[in-house]
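The values are calculated or read from the model by the stated rules, or taken from the named source; none is laboratory data. Quick caveat, the model's predicted, so the values are computed rather than measured. Because the Cβ atoms are built from the backbone with ideal geometry, glycine has one as well, and the counts that use them run over all protein chains shown. Each accessible area value is taken on the protein alone, full model and side chains, heavy atoms only, with ligands, DNA and RNA left out. Shrake-Rupley method; radii C 1.70, N 1.55, O 1.52, S 1.80 Å.
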Amino acid sequence: MQHPEVLLPPFAADDVLHNNGFIQQLAVAAKNTAFLCGVLLPTNEDPTNTEAATYAPFSLFPSPVPKKLFTEAYEVQQDFNILVDRVSQDSEFLTKALASTVQVDEFTAGLFSIYKQVLEEGITQTITLGINRSDYMFEKGQDRSTSLKQIEINTIAAGLAGLAERVTDLHRHVLKVCGKSDEAAKILTNNAVKGIAEGIAKAWQLYGSPEAVVLFLVEKGSKNLFDQRCVEMELWGKNIRVIRRLFLDVHERGVLDDEKILFVDGYEIAIVYFRTGYNPEDYHNDDCWVARLLIERSKAIKCPDIATHLVGTKKVQQVLARSGMVEKFLTDCPKSAERIRATFVGLYSIDEGPEGDEIIKKAAEDPEGFVLKPQREGGGNNIFGEELKQLLGNIKDGPKRSAYILMDRIKPQTVKNYLLYPGSALKLSECVVELGVFGVYIGKCRKLVMNESPGHLLRTKSTEFADGGVSAGVAVLDTPYLI
Ligand code: ADP
Ligand code: MG
């Protein structure tokens, strides 16, 4: 069902979308069902309050997603897993790729200095566990075709698997209430959390100490609390013990024994699963940095280890997009390299020099054609349009520009949907979807013993916003309806 400009939900031919009375009732039922399904967030007012919750913003209908692109995203995920794993083992590459960034970006420099220190001491853990999520938009071609284009890959704290799984049930219910049972039955099951928990469980087994626990490293008052709890429940279901701790807890009560086994509050830690630690604010003070170093030096399996964390920086993404780079890491699987490369759009270094000068000039002339990205995660940090032009003007004459990269701005296919946010009026919006596919892999003595793409996440935002994730209050949870 294709319209020249927008993709519509599968039932758009019906009056449903435009029958205001019905939509209002449906939205109320959907919000109630969101609570029942566990599509939840802590409240904005007091995220630490354990007595209250709100529904996580979601789209009223599942959004249409081209089946071909969805399948491609799943297929290429295993290629990305291999790539991330290999890049994380190449210290020469990482050092070179990040050399200019660490000169001017204090946060990346802090991570990099931990990386250097553990490299010098020698890495004590031979098992790696990677849980990542590669995100895409569907770029609109000249001829109305769409193609899968990567936004970024998240190698640390890749979240929303739990809530994404639960939105599936919610959307099935909504379609049934609309009298669309056949369409409801077509909504795919999403196994994101199960897959992530299986990865953690397998790594836990390989660690080989039945008494050891999985430590979820979290922040106080995290908006992702319920999402994290979904993974936690799945692990308890497998009789694997989980504890939740802050960086400061690890600093105060974490120790390494003579064999570098990590203990926190007396528990031996098999795996540290990072759901924090990707932004400067996550390190409130030096003690948090000391805790990160303690974890990295330990024998615990880090998900991710510091090297894999660094692979997820925007700078490394840009360097990997250079001609021949992905191919160099995947010489034994050229098809994988080809699939990966097909998802890339232009990414550019703006380091000082003629190459950087030229692209800065181009972006200043066409600010809508690019996105300026610092080395930050979590939404709301990128710079677009006029602001991009201004900032480039401010930084172009000094080394500070190495803190950023430029990326071609993807012009995505749009869809129509109702986005439900707590406290907002209901309106039909023109939206952009972003598909994420989760990757789970385990490396043992440099060989992959698990390589999976178990599930997905669909997030949708109004075209009014250029940037922003679910936690940032801009994007909403959605489910793909394959067309
Ligand atoms: P973060 O680490 O903050 O999530 P992303 O690279 O994922 O950073 O960008 C955040 C958001 O900005 C994306 O979810 C997307 O909406 C928008 N965005 C990022 N890169 C592009 C791009 N190249 N073209 C269009 N939109 C983009
Ligand atoms: Mg992102």
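Taking N as the number of residues in segment 383-465, what is its Cα Rg relative to 2.2 N^0.38 Å?
1.67
What does the net charge come to around residue 309 if you take all other residues with beta carbon closer than 11 Å to its beta carbon, with K and R at +1 and D and E at -1?
-1
Which value does Rg/Rh take for the chain over its C-alpha atoms, Rh per Kirkwood?
0.96
For segment 346-409, what are Rg and Dmax over the alpha carbons, in angstrom?
Radius of gyration, then largest Cα-Cα span, for segment 346-409: 10.5, 32 Å.
Using a 7 Å offset from Cα along Cα-Cβ at residue 20, what residues in segment 406-433 end up with backbone N under 12 Å from the label point?
Only 426-428 pass the distance filter.
List nothing, just return the count: lysine pairs in segment 38-182, 8 or more apart or interchain, with Cα separation under 27 Å.
Final tally of qualifying lysine pairs is 11.
Carbon and sulfur: what percent of the chain's accessible surface (1.4 Å probe)?
The value for the chain is 49 percent carbon and sulfur by accessible area.
So if R0 is 41 Å, what FRET efficiency would residue 362 and residue 427 give, r being the distance between their Cβ atoms, rounded to the nearest 0.05?
0.65
Can you list the residues of segment 164-194 with backbone N under 18 Å from a point 7 Å past the Cα of residue 27, pointing along Cα to Cβ?
Once the point is set 7 Å along Cα→Cβ of residue 27, 171, 174-175, 177-178 turn out to lie under 18 Å by backbone N, inside segment 164-194.
What's the local net charge at residue 104, with K and R +1, D and E -1, over the other residues with C-beta under 15 Å away?
In short, +2.
Would you mind calculating the relative contact order of segment 346-409 from Cα pairs under 8 angstrom and at least 6 residues apart, reporting the percent as a whole number?
Across segment 346-409, relative contact order equals 48 percent.
Below 8 Å, C-alpha to C-alpha, sequence gap of six or more: please give me the relative contact order for the chain in percent.
With pairs under 8 Å counted, the relative contact order is 26 percent.
Using a cut-off of 17 Å between alpha-carbon atoms, which aspartates and glutamates can reach residue 299, once sequence neighbours fewer than 8 places away in the same chain are excluded?
Here the aspartates and glutamates satisfying the reach criterion relative to residue 299 are 120, 121, 211, 257, 258, 259, 265, 268.
By the scheme Lys and Arg +1, Asp and Glu -1, what is the net charge of all other residues having a beta-carbon under 10 Å from that of residue 147?
Net local charge, residue 147 excluded: +1.
For residue 189 and residue 35, FRET efficiency with R0 = 22 Å and r from the beta-carbon atoms, rounded to 0.05?
0.55
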